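S.K.: Have a look at the structure that comes next, please.
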Protein chains: 2
Amino acid sequence: MVTPIDPTSAGFLLAENRSMPMHVGGLQLFKKPEGAGRNYVRDMFEQMRQEDEIAPLFLKRPYRSVRTAGQYVWKPDEQFDIEHHVRHSALPKPGRVRELLELCSRLHGTRLARERPLWEAHIIEGLRDGRVAMYTKTHHALVDGVSAMRLLASVLSTDPDKRNMPAPWGVRPTARSSRELERAETSLADVPVQALRTALGITAEAAGMPGALVKTLSKGLRNETSALSLYAPRTIFNQSITGSRRFAAQDWPVERLREIGKATGTTINDVVMAMCSGAVRTYLTELDALPEAPLVAMVPVGLNAKQSQVASAEGGNAVGAVMVQLATDLADPARRLATIHRSMKDGKEALSSMTPMQILAMSAIGQAPAILTPLLRMQGIVRPPYNLIISNVPGPRTTHYWNGAQLLGTYPLSIPINGMALNITCTSYDGNMAFGLTGCRRTVPHLQRLLTHLDDELGHLEKAAGL
Amino acid sequence: MVTPIDPTSAGFLLAENRSMPMHVGGLQLFKKPEGAGRNYVRDMFEQMRQEDEIAPLFLKRPYRSVRTAGQYVWKPDEQFDIEHHVRHSALPKPGRVRELLELCSRLHGTRLARERPLWEAHIIEGLRDGRVAMYTKTHHALVDGVSAMRLLASVLSTDPDKRNMPAPWGVRPTARSSRELERAETSLADVPVQALRTALGITAEAAGMPGALVKTLSKGLRNETSALSLYAPRTIFNQSITGSRRFAAQDWPVERLREIGKATGTTINDVVMAMCSGAVRTYLTELDALPEAPLVAMVPVGLNAKQSQVASAEGGNAVGAVMVQLATDLADPARRLATIHRSMKDGKEALSSMTPMQILAMSAIGQAPAILTPLLRMQGIVRPPYNLIISNVPGPRTTHYWNGAQLLGTYPLSIPINGMALNITCTSYDGNMAFGLTGCRRTVPHLQRLLTHLDDELGHLEKAAGL
């Protein structure tokens with residue numbers, strides 16, 4: 001049975017090329033339960049592989065032919081082979097985090113084969129500290145980063161003694177989790193595709209993003225709506241990229257960020273931005289590549305149902321995007337934080353005064369920059385009005401387990417695109433804020449240095465806040 | 001710069017699909033040199049990755065577009081990324097040969113991405129006995145199994161103290177080895193493509209195998225030339241296959257095979273066939289799937305220059321194919337070996353009385369069964385006149401080293417195709433005969449049992465020979 005692909009998902013398939021794999025990734029670290037035997041990881045893998053029933057999302061593959069008039073449709077994979085999708089891997093010695101990040105970089109830099117369902121999961125052993133890692137990779141045509149995280153969370157439990165829990169690709173027995181899955185199935189984060197289409201008057205199932213959306217966005221940019229009108233200087237991040245990926249990740253206690261926020265009257269999210277700003281500033285300075293004008297980040301923000309008027313059934317989940325001044329021209333961490341805070345506030349206010357149509361157009365940037373960028377270019381807008389994308393997606397606040405294995409940390413791997421070679425995505429979990437940095441290895445050299453800079457910057461901000 | 005792809009190589013690209021990846025593989029096992037440090041495998045990997053200059057064969061990717069009139073051409077990969085091609089992997093615990101074969105099965109079951117040069121090499125650590133493994137994968141459009149083996153051999157040395165040796169994909173400084181590489185570059189084992197084309201009067205660069213070749217072959221079959229006219233019964237091997245692969249490999253001392261040959265007046269190759277025959281007989285019997293009529297194997301054989309009249313410059317390298325009665329209807333190992341010996345001899349004699357054109361047509365079966373099979377069907381020949389392919393490729397007889405690491409064994413991974421779900425390829429090296437069994441995991445269940453059966457059969461043959 002063949003089912004249609006919504007145009008945005010099809011857009012991700014069409015926009016993908018060798019330089020721009022369009023999958024999102026996740027790296028999870030688990031602690032083996034007490035008394036775990038020598039074969040613990042193998043058993044965990046076997047259990048994940050022997051999932052009785054696979055959710056339909058993970059069984060379908062994209063397909064197009066003359067009979068589908070060249071349009072992509074979903075088709076069940078008649079030769080579905082779980083061994084291809086769920087893999088047991090190990091790290092080379094000495095099994096440090098470095099080897100893990102190298103493996104994730106390599107896995108993230110390889111495209112998913114279109115002839116099979118668009119996902120992979122790797123259960124990884126060999127970390128010398130005994131932790132177990134899992135790297136998952138799912139095409140953006142199936143889920144976005146937020147949905148992928150929800151999907152993972154939906155199979156976890158706060159109960160360390162719970163067993164017989166399914167894998168994320170298994171079919172969940174409860175109503176709640178099957179709803180969760182449906183949401184993932186519709187893709188496009190939390191803006192229902194149907195609503196998006198209706199709001200924008202799209203009727204044809206055209207491939208890729210519709211022209212009407214681009215026109216709205218382009219008008220928004222020309223009208224100099226404050227959330228959009230910023231000037232983004234050229235940086236090394238804003239070049240064509242290659243398919244080579246480098247991934248780096250680390251987490252810091254949310255409490256440290258909260259304390260800075262408290263002392264300076266800013267939010268945790270502002271502090272996240274300030275850390276990124278300072279780190280990017282140091283990084284570009286070292287490369288003698290810091291532009292005079294401050295960098296601009298595109299930051300997806302949550303909106304409540306009233307603001308967006310198109311929120312999902314559960315409310316408050318629509319996503320808009322704010323252009324944030326990163327104040328990278330300022331050397332002083334305190335002044336930088338204050339500027340970011342103001343810019344963020346301005347942006348959110350501007351956003352709330354936008355029409356639903358404008359907000360949706362903004363959302364679309366976050367959802368599909370790779371599709372919009374070339375279309376914007378055709379509209380005479382040569383480059384997007386921002387230098388990099390920084391997202392901050394809240395996750396579970398309490399300790400979670402999978403069949404007794406404690407989830408220690410979860411790190412997102414995102415999608416660099418042409419003109420946007422670095423993506424920073426943060427997720428919070430169990431008292432920690434994880435930073436996941438995904439970049440083109442050739443365009444963003446020594447990406448891992450940003451981790452040191454992030455750490456230094458956190459210290460600078462604490463000092464500036466008088467902590 | 002774009003270069004044309006010869007039609008046979010293009011044929012491999014066109015014939016490839018998700019169920020039939022068209023790459024050949026090789027698994028090598030190395031012994032670390034005395035006094036190797038903890039980082040030995042990493043250093044070996046780094047050295048292989050840091051190859052100064054990559055041979056052109058490994059830098060080109062296939063490309064087709066409207067501008068190439070839909071035909072495949074070779075194009076240099078402008079974004080060549082050695083990190084994608086040369087990988088450092090590790091085995092999960094407990095690191096037995098079983099885990100190694102599982103990894104190789106998985107790697108061999110995944111298609112090479114067309115957007116990049118069509119090869120991969122994995123340096124694998126984590127075998128509990130301390131050996132180091134290397135799995136390489138190269139598309140059949142670049143090299144065939146024999147050339148791949150030669151390519152590997154060309155970078156090895158008999159001198160354990162030699163260092164600074166290049167990787168197989170590196171550029172060799174000596175004239176001899178660069179000639180070796182050119183040979184690999186022309187592909188199609190040792191039948192020069194140009195000669196093949198001329199002999200068959202092919203002028204157009206048609207994609208896939210030419211109709212003229214099929215007509216010759218089809219005529220050969222209908223004429224009941226004895227090398228061709230055997231009746232092959234239907235077996236479970238002769239079904240449509242999936243893309244799942246299982247690989248099993250093991251080696252036995254050549255001396256044991258030689259002793260049997262001596263005692264029975266047969267050749268080592270006959271003994272190899274008899275081992276395969278007995279193993280397949282036991283395997284099919286256990287599955288209650290042994291047909292009454294004996295199975296037929298297609299066995300590529302070397303011909304000397306005079307016989308083939310189209311041999312390569314160095315002579316004696318053209319390849320023909322003989323259909324061998326496997327005598328699987330006989331329970332007695334001695335009688336089976338005798339029948340195989342006679343069938344092999346008949347086949348070779350028939351082959352030597354064929355015209356060069358007929359021999360070339362035969363060769364083509366060995367080279368491109370996946371391309372020929374559908375074409376044969378169009379000619380009204382419903383199934384190929386054999387049940388499985390068994391090749392025996394001689395390798396180096398003496399101990400070889402790569403930068404001080406002793407090559408302990410080398411095992412070939414080949415290409416199962418629709419209607420031919422099991423491939424057995426044997427290679428000899430340093431006194432051992434290695435059997436590499438590559439099959440579709442779903443069509444050939446429990447493939448690894450064949451290893452036990454091979455071992456048992458060798459014992460039976462020894463007993464039958466009075467050893």
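The values are calculated or read from the model by the stated rules, or taken from the named source; none is laboratory data. Source: prediction; values computed, not measured. Cβ sites come from the backbone with ideal geometry, for glycine too, and all protein chains shown count toward neighbours. Heavy atoms of the whole protein, side chains included, go into the accessibility calculation; ligands, DNA and RNA do not. Shrake-Rupley method; radii C 1.70, N 1.55, O 1.52, S 1.80 Å.
S.K.: So which residue of A has the beta-carbon closest to the axis that swings A onto B, and how many whole Å away?
M.R.: Here the nearest residue and distance are A:90, 2.
S.K.: What distance in nm lies between label points placed 7 Å from Cα along the C-beta direction at residue A:19 and residue B:65?
M.R.: It is 1.3 nm.
S.K.: What does the average come to when, for each residue of peptide A:421-428, you count the partner chain Cβ atoms lying within 10 Å of its Cβ?
M.R.: Across A:421-428, the average partner-chain Cβ count within 10 Å equals 0.
S.K.: At 7 Å along Cα-to-Cβ for each site, give me the label-to-label distance between residue A:159 and residue A:49 in nm.
M.R.: 2.9 nm
S.K.: Next question. Rounded to two decimals, what is the ratio between the C-alpha radius of gyration of region A:3-185 and 2.2 N^0.38 Å? Don't skip to the answer; put the middle values down first.
M.R.: Working: Rg = 17.1 Å, N = 183, 2.2 N^0.38 = 15.9 Å.
Normalised Rg, Cα atoms only: 1.07.
S.K.: Ranked from the most accessible area to the least, with a 1.4 Å probe and all protein chains present, what is the order of A:114, B:245?
M.R.: A:114, B:245
S.K.: So the label point sits 7 Å from Cα along the Cα-to-Cβ vector; using that for residue A:265, what distances do you get to the other copies, in nanometres, sorted shortest first?
M.R.: Its label point is 10.6 nm from the equivalent points in the other copies.
S.K.: With a 1.4 Å probe and all protein chains kept in place, how much accessible area does residue B:341 have, in Å² rounded to the nearest 10?
M.R.: 50 Å²
S.K.: Could you put A:342, B:96 in order of accessible surface area, largest first, with the 1.4 Å probe and the full protein assembly present?
M.R.: Of A:342, B:96, the descending order of accessible area is A:342, B:96.
S.K.: Would you list A:231, B:386 from the most to the least accessible area, probe 1.4 Å? Walk me through the numbers before you get to the answer.
M.R.: Numbers: A:231 145, B:386 5 Å².
These residues rank, largest area first, as A:231, B:386.
S.K.: If you keep only loop residues by DSSP, which trypsin sites (Lys or Arg not before Pro) in region B:14-92 have at most 15 other Cβ atoms within 10 Å of their Cβ?
M.R.: Working: sites: B:18, B:31, B:38, B:42, B:49, B:60, B:64, B:67, B:87; in loops: B:18, B:38, B:64.
Here the trypsin sites (Lys or Arg not before Pro) that fit, given the DSSP loop and packing criteria, are B:18, B:38.
S.K.: Shifting gears a bit: As an exercise, identify the GluC sites (Glu not before Pro) in region A:69-171 lying in DSSP coil whose Cβ has no more than 11 other Cβ atoms within 10 Å. Write down the numbers at each step before the final one.
M.R.: Values: sites: A:78, A:83, A:99, A:102, A:115, A:120, A:125; in loops: A:78, A:115.
Listed in order of number, the matching sites are A:78.
S.K.: Then there is this: Label position 7 Å from Cα toward Cβ: report the copy-to-copy distances for residue B:37 in nm, one decimal, ordered from shortest.
M.R.: For residue B:37, the other copies' label points sit at 3.9 nm, shortest first.
S.K.: For region B:337-346, in order, what is each residue's ³J(HN,Hα) by Karplus, 6.51 cos²θ - 1.76 cosθ + 1.60 with θ = phi - 60°, in whole Hz (x at glycine and Pro)?
M.R.: Listing the rounded values in order: 4, 5, 5, 4, 4, 5, 4, 5, 5, 4 Hz.
S.K.: Once each part is reduced to its C-alpha centroid, what is the distance from region A:391-467 to region B:1-63 in angstrom?
M.R.: Region A:391-467 and region B:1-63 have Cα centres spaced 35 Å from each other.
S.K.: Dividing the alpha-carbon radius of gyration of region B:22-85 by 2.2 N^0.38 Å (N being the number of residues), what value is obtained?
M.R.: In units of the 2.2 N^0.38 Å rule of thumb, it is 1.63.
S.K.: Over all residues in B:113-119, what is the mean tally of Cβ atoms on other chains that come within 10 Å of each residue's Cβ?
M.R.: Details: counts 5, 1, 5, 4, 0, 0, 0.
Per residue, the number of nearby Cβ atoms from other chains is 2 on average.
S.K.: From the label point of residue A:157, set 7 Å along Cα to the beta carbon, how far off in nm is each other copy's matching point, shortest first?
M.R.: 6.0
S.K.: Give the distance, in whole Å, between the Cα centre of region B:257-293 and the Cα centre of region B:76-123.
M.R.: Centre-to-centre (Cα) distance: 33 Å.
S.K.: In terms of modelled amide H atoms, which long-range or inter-chain residues lie less than 5 Å from the amide H of residue A:239?
M.R.: Under 5 Å from the amide H of residue A:239 lie the amide H atoms of A:419, A:420, A:421, each far enough along the sequence or on another chain.
S.K.: So how much accessible area does residue A:247 have, in Å² to the nearest 10, using a 1.4 Å probe?
M.R.: Its accessible surface works out to 10 Å², give or take rounding.
S.K.: For region A:244-303, what is the charge dipole size about the Cα centre, in debye to the nearest 20, if Lys and Arg each add +1 at the Cβ and Asp and Glu each add -1 at the Cβ?
M.R.: The calculated dipole for region A:244-303 is roughly 180 debye.
S.K.: Also, I was wondering about something else. In the structure displayed, which of A:137/B:137; A:93/B:162; A:31/B:31; B:262/B:348 lie more than 30 Å apart, Cα to Cα?
M.R.: Over 30 Å Cα-Cα: A:31/B:31.
S.K.: If you don't mind, another one. If I ignore ligands, DNA and RNA and count only protein heavy atoms, how much of residue A:420 is accessible to a 1.4 Å probe, in Å² to the nearest 10?
M.R.: For residue A:420, solvent-accessible area is about 10 Å².
S.K.: Hey, another quick one. Given Cβ point charges of +1 (Lys, Arg) and -1 (Asp, Glu) and nothing else, what value in debye, to the nearest 20, does the dipole of region B:3-185 about its Cα centre take?
M.R.: For region B:3-185, the charge dipole is close to 460 debye.
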